[in-house]
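Here's the structure, in structure tokens; my notes come after.
The values are calculated or read from the model by the stated rules, or taken from the named source; none is laboratory data. Predicted model only: the values in this text are computed from it and were never measured. Here the Cβ is made from the backbone with ideal geometry for all residues, glycine too, and neighbour counts use every protein chain on show.
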Amino acid sequence: MDQRSEVREFLTSRRARITPQQAGLPSYGTRRVPGLRRAEVAQLAGVSVEYYSRLERGDLSGVSDHVLDALARALRLDDEERIHLEDLARAAGPGPRRRRRSAPQRVRPTVQRMLDSMTDAPAIVMNGRGDILATNLLGRALYSPMIDAARGSTPNHARFIFLDPRSREFWGDWERAADTTVALLHAEAGRDPYDKELTDLIGELSTRSDDFRARWARHDVIQHHIGAKPVHHPLVGELHLTYESLDLPADNLTLVAYGTEPGGDSEDKLRLLASWAAGQGDRAGTARADRESAPRRESDA
């Protein structure tokens with residue numbers, strides 16, 4: 001994942017989707033490639049063709065907020081794409097360019113206690129790479145297929161979606177889940193292009209999944225805030241869930257809580273899943289207590 005390539009391909013892909021007619025420009029003859037020409041984007045943004053060409057070659061160093069705003073208008077970027085462009089420009093500024101391994105992320109005890117207090121709603125904490133770092137009891141039950149598939153390693157949304165065939169049954173709308181996951185990774189790559197774990201994840205998925213590689217080439221971006229997710233859970237069947245995301249800026253993590261429409265079938269199924277999860281927790285607690293209270297062998301005394 002090269003930062004200059006990311007800038008170049010993002011700007012090129014956004015330019016290619018706009019027709020001269022959409023931009024209010026005259027169009028003459030047949031074009032060899034779709035979308036606007038560089039000169040037309042430069043005209044719309046009020047900069048020289050040479051300057052815009054430099055930007056599209058991947059050099060955003062020193063670009064002003066005024067020019068970024070003009071580019072966003074010329075390319076008809078939505079709010080999330082505009083944020084991504086600003087992130088790319090920030091990453092091109094002065095600072096270290098070496099790939100770095102991020103420090104291990106841990107969920108603070110106060111955050112875990114907040115999760116555990118949410119007994120009626122599945123909740124997870126994850127980082128920008130889609131690693132699930134903590135859950136409450138119901139969140140663990142909801143995501144049990146993904147957590148079990150990780151086999152003791154950190155569960156990751158993208159690895160599950162693109163590398164585990166079971167994900168196509170778990171996600172009620174696999175195509176949308178796949179699109180959203182890649183768009184979230186693209187947004188994260190714009191914010192932090194020098195995160196080695198993120199680069200390694202993107203490289204692994206690009207090598208092993210045609211579905212991922214095709215989506216990555218689109219350069220779509222999204223910020224995760226609110227939405228809906230249909231899930232086919234192996235224990236309770238179809239669940240139609242809503243979700244809300246809460247940023248934890250002190251930790252650079254995100255808390256995601258799920259719910260259902262009141263009075264519906266999904267609400268009943270979520271209660272059933274909660275009962276199952278509580279039973280699993282009770283059995284685990286009993287087994288732990290039995291181990292702790294078991295008489296020690298003479299050799300242990």
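Below is a table of values for the structure above.
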item: Selection within region 7-35 - free of Cβ contacts under 8 Å to residues at least 24 places away in the same chain, in contact with a Leu (Cβ under 8 Å, 6 or more places away or on another chain) and surrounded by 14 or more Cβ atoms within 10 Å (Cβ to Cβ); result: P20, L25
item: Single match in G93, G130, G152 (criterion: small (G, A, S), more than 20 Å from the chain's Cα centre (by Cα) and on the phi > 0 side of the Ramachandran plot); result: G152
item: Residues of region 243-274 classified as small (G, A, S) and surrounded by 14 or more Cβ atoms within 10 Å (Cβ to Cβ), total; result: 5
item: Hits in region 44-53 - residues which are in a helix (DSSP H, G or I) and over 14 Å from V7 (Cα atoms); result: L44, A45, V49, E50, Y51
item: Residue match in region 223-232 (condition: over 16 Å from S5 (Cβ atoms), hydrophobic (A, V, I, L, M, F, W, C), without any contact (Cβ under 8 Å) to a residue 40 or more places away in the chain and assigned by TED's automatic domain parsing to the domain that holds L253); result: yes
item: Residue match in region 54-75 (condition: at pLDDT 95 or above, over 28 Å from L248 (Cα atoms) and assigned to a loop (DSSP other than H, G, I, E, B)); result: yes
item: Any chance T199 is among the β-branched types (V, I, T) and without any contact (Cβ under 8 Å) to a residue 60 or more places away in the chain; result: no
item: Region 133-159, residues that are farther than 21 Å from N252 by Cα, among the small types (G, A, S) and crowded, with 23+ Cβ neighbours inside 10 Å; result: A141
item: Candidates R31, R17, R82, R73 - the one that is more than 26 Å from the chain's Cα centre (by Cα) and either among the charged types (D, E, K, R) or more than 30 Å from T207 (Cβ to Cβ) (or both); result: R31
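So that you can scan it fast, the table gives a plain yes or no per residue for (1) modelled with pLDDT of 90 or more; (2) in the same structural domain as R140 (by TED's automatic domain parsing); (3) in a helix (DSSP H, G or I); (4) of a type in the set (A, V, I, L, M, F, W, C):
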position: E80; (1), (2), (3), (4): yes, no, yes, no
position: H84; (1), (2), (3), (4): yes, no, yes, no
position: R97; (1), (2), (3), (4): no, no, no, no
position: S102; (1), (2), (3), (4): no, no, no, no
position: D116; (1), (2), (3), (4): yes, yes, yes, no
position: T119; (1), (2), (3), (4): yes, yes, no, no
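Residue by residue, here is whether (1) small (G, A, S); (2) assigned to a helix (DSSP H, G or I); (3) in contact (Cβ under 8 Å) with a residue 24 or more places away in the chain holds:
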| position | (1), (2), (3) |
| --- | --- |
| Q112 | no, yes, no |
| I124 | no, no, yes |
| A134 | yes, no, yes |
| L138 | no, yes, yes |
| F162 | no, yes, yes |
| R168 | no, yes, no |
